[in-house]
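Since the structure comes first, as structure tokens, the remarks are kept for the end.
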């Protein structure tokens, strides 16, 4: 089990749970989350890797299937710190985000790709 190191991490954890449960300080509820959503997303899944390009060793143009397109609530996971990875002689910061979609959005899997198409903020 991870130890919470400071009060900022505890506050971030508290905010993440409030976002997950749909508790808003302005008195809204989780039912209002999608009717007032300001973010539109598309969730796609790789169905087939496509043909292997033997000269590059990579798959060319994988075949994808759209699983869901519509409103969502996307927010950073604030109780976790950003991770820094080194790749290609550059430092890259990695941050986790949580996406909440309506219940009837269908089966979304861990390896599916979420793309934010539009957001107001």
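If you go through segment 81-99, how many residues are farther than 15 Å from residue 42 by Cβ and touching a residue at least 40 places away in the same chain (Cβ under 8 Å)?
Qualifying residue count, segment 81-99: 2.
Residue-by-condition table, conditions (1) out of contact with any strand residue (DSSP E or B) (no Cβ under 8 Å at 6 or more places or on another chain); (2) outside any strand (DSSP E or B):
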site: 72; (1), (2): no, no
site: 75; (1), (2): no, no
site: 78; (1), (2): yes, yes
site: 86; (1), (2): no, no
site: 92; (1), (2): no, no
site: 98; (1), (2): no, no
site: 104; (1), (2): yes, yes
site: 109; (1), (2): no, yes
site: 115; (1), (2): no, no
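Evaluate the following for residue 69: is it surrounded by 12 or more Cβ atoms within 10 Å (Cβ to Cβ), without any contact (Cβ under 8 Å) to a residue 60 or more places away in the chain and closer than 24 Å to residue 117 by Cβ?
So residue 69 passes the test.
Coordinate-derived values only; no laboratory data. All values reported here derive from a predicted model rather than from experimental measurement. Cβ sites come from the backbone with ideal geometry, for glycine too, and all protein chains shown count toward neighbours.
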